[in-house]
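To start, the structure under review is shown below, and the notes come after it.
Here, each number is a calculation from the coordinates, and none is a lab measurement. All figures in this text were calculated on a predicted structure; none of them were measured in a lab. Note that we place each Cβ from the backbone using ideal geometry, even for glycine, and neighbour counts take in every protein chain shown.
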Amino acid sequence: MKRIVTVQDISCLGKCSLTVALPIISAMGIETSIIPTAVLSTHTLWEHYVCDDLTDNIPLVAKHWKNEGFGFDAIYTGYLASSKQIDVVCKLFDEFKTENNFIFVDPAMADNGEMYRNFDKSFADKMRVLCAKADIIVPNMTEACLLTDTEYKNEYDDKYISDLLKKLTDLGASKAVITGAHYDGKYGIMSYDSVNDEYSFYAHQKIDHIFYGTGDVFSSACVGALTQGYSLAEAVEIAGEFVFASISATMKDKDARLYGVNFEQALPLLAKYNK
Ligand code: PXL
């Protein structure tokens, strides 16, 4: 059985990070090991959340795992709580990266043109260092602009996205994916594999609402599909369809904006990737 380790926070309420990654990756028939980076009462879009930072626990877990000889088919990081935590996760990559596995980084730090609460430019600079160590990075448009020092725009053409993707792979990862892209009336996810200089675009219908947590749903399904041996373009399509089905299941739910999408109702779609 394949095994992924995912390194991100536990938000106790508000579907994102580990509470999303665990069920999605498990539904694809992959063992999901976790390193919780922090425990928050909710994700940071709610005010007055409380956060217990677990940075100091990460090297202790890594040491025990190294002693036991545990290995992983993929190492997947999401929301990290501080620049110091990024340094610790860089060390984790050095310890667990092998010739046979890959590092998948979702540089979760911003959306809709704005950084998440508590993050600033120095955090984005640090995130660039983490991305340089990855094989695949999956920012949204806002994060892609922050990582590449590109002006964030609401209107742009396909060249703007393909240039962004190229600049992202110049940071170090050989593959990059940008979620939430749109141009010429088309909406979707664009990916780029710099090894064979190949772009692909997964297009879907326009979605008029903003739903939080869709980035984490996408990344979890995408890293699962890649781990099961699908190509980048196939994995993007599998994950894109899953996000779309999750959003469709959420449309009538007024609570969804902050609570996250009803991906649970779309989970049966992933059973066919359980090899
Ligand atoms: O990736 C979304 C996310 C994950 N975890 C926490 C967050 C957010 C988005 O705001 O606050 C704690």
Once the dipole of the chain is set up with Lys and Arg at +1 and Asp and Glu at -1 on Cβ about the Cα centre, which of ASN196, ILE86, ILE75 lies farthest towards its positive end? ILE75
Counting only DSSP beta bridges fully inside the chain, the antiparallel percentage to nearest 5 is 50 percent
Those residues of region 42-58 whose amide nitrogen sits under 18 Å from the label point placed on SER83, 7 Å along Cα→Cβ: 55-56
Mind giving me the nanometre distance, one decimal, between the label points for GLU241 and ASP184, set 7 Å out from Cα along Cα→Cβ? 2.4 nm
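Please compare each pair in LYS167/LYS252; LYS121/LYS159; LYS15/LYS186; LYS84/LYS159; LYS159/LYS206 to a cut-off of 32 Å on the Cα-Cα distance and tell me which ones are over it. It would help to have the intermediate numbers written out before the result.
Details: LYS167/LYS252 38 Å; LYS121/LYS159 26 Å; LYS15/LYS186 28 Å; LYS84/LYS159 35 Å; LYS159/LYS206 20 Å.
Over 32 Å apart, Cα to Cα: LYS167/LYS252; LYS84/LYS159.
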Here the residues of region 59-85 lying in the modelled label zone of ASP94, meaning backbone nitrogen under 18 Å from a point 7 Å along Cα-to-Cβ, are 59-67, 83-85
Per 0.36 nm of contour for each residue apart, how much would the distance between VAL129 and HIS204 grow if the chain were fully extended, relative to their Cα-Cα spacing? 23.8 nm
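List the trypsin sites (Lys or Arg not before Pro) within region 151-252 that DSSP assigns to loop and that have no more than 12 neighbouring Cβ atoms inside 10 Å. Could the numbers behind the result be given before it?
Details: sites: LYS153, LYS159, LYS166, LYS167, LYS175, LYS186, LYS206, LYS252; in loops: LYS153, LYS206, LYS252.
Counting only loop positions with at most 12 other Cβ atoms within 10 Å, the trypsin sites (Lys or Arg not before Pro) in region 151-252 are LYS153, LYS206, LYS252.
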Of all DSSP beta bridges with both partners in region 1-107, the antiparallel percent, nearest 5, is 15 percent
Find me the longest stretch of the chain that has none of the exposed GluC sites (Glu not before Pro), where exposed means in a DSSP loop (not H, G, I, E or B) with at most 15 other Cβ atoms within 10 Å. 156-275
Say each of GLU68 and ASN118 gets a label point 7 Å from the Cα, pointing the same way as Cα to Cβ; how far apart are those two points in nm? 2.8 nm
Could you tell me the largest-minus-smallest coordinate of the C-alpha atoms of the chain on each of the three principal axes, in descending order and whole angstroms? 53, 42, 41
Give the distance, in whole Å, between the Cα centre of region 127-142 and the Cα centre of region 164-203. 12 Å
TRP46 versus LYS252: modelled label distance in nm, points set 7 Å from Cα along the beta carbon direction: 2.6 nm
Phi angles of region 258-275, converted by Karplus (6.51 cos²θ - 1.76 cosθ + 1.60, θ = phi - 60°) into ³J(HN,Hα) in whole Hz with x for Gly and Pro, give 8, 6, x, 7, 7, 5, 4, 6, 9, 3, x, 5, 7, 4, 6, 8, 7, 8
Taking region 1-89, which chymotrypsin sites (Phe, Trp or Tyr not before Pro) meet the DSSP loop condition and have no more than 16 other C-beta atoms within 10 Å? TRP46, TYR49, PHE70
Violating pairs (Cα-Cα greater than 25 angstrom) within the set LYS66/LYS133; LYS97/LYS126; LYS133/LYS272: LYS133/LYS272
